[in-house]
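Bear in mind these aren't lab numbers, they're just calculated from the coordinates by the rules spelled out. In this text the structure is predicted, and so the values were computed from the model without any measurement. Cβ: placed from backbone, ideal geometry, glycine included. Neighbour counts: every protein chain shown.
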Amino acid sequence: MDSISTSEAAKNLFAQRDVALEKTRTHMERHQDERYVGLAQTALTETQIFELVGYRQHLRDIGKLPGFPDVELPVAPAFIS
C-alpha cells in the first residue's frame, strides 16, 4: 500500500464489493420469489444458485481474508452479466 493508506484501500475495496453484491441482488431476489410462489423450475439452476450464494458469501467475507485489504475480489460466476 504505497500510494494510499490501508484504510483508504479497505474503503475502496468495500465499495467495489458493495457494487458486486448489488449486481447480483436481482438474481437472488428473482430466485427467491420464484421459489416462494412454488415454481419448480427457476431462472437459475441449482448449480448456479449454489455458485451465486458462494460468490456472495466470499464477497461478504472479503475483510476477513489474510492480507486484507491487499486482496482481489472473487470472480463473478459466468452467468452474471
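A few points about this structure:
- Computed from Cα atoms, the angle from the helix 46-60 axis to the main principal axis of the chain rounds to 30 degrees.
- Its residue count N sets the reference 2.2 N^0.38 Å, and the alpha-carbon radius of gyration of the chain equals 1.32 times that reference.
- A protection proxy built from the mean count of other Cβ atoms within 10 Å ranks the segments 30-41, 47-58, most packed first, as 47-58, 30-41.
- Structure-based [θ]222 nm, the chain - -39500 (n - 2.57) summed over DSSP H runs of at least 4, per residue, nearest 500: -20000 deg cm²/dmol
- Cα-projected label distance for SER5 with LEU21, points at 7 Å along beta-carbon direction, nm: 2.3 nm
- A simple spin-label model places the labels of THR45 and ALA78 1.0 nm from each other, with each point 7 Å out along Cα-to-Cβ.
- Mean separation of Cα contacts under 8 Å (6+ apart) over length of the chain, as relative contact order %: 38 percent
- Local net charge near VAL37, Cβ-Cβ under 15 Å (Lys/Arg +1, Asp/Glu -1): -1
- Compared with the dominant Cα axis of the chain, that is its longest principal axis, helix 6-36 is turned about 0°.
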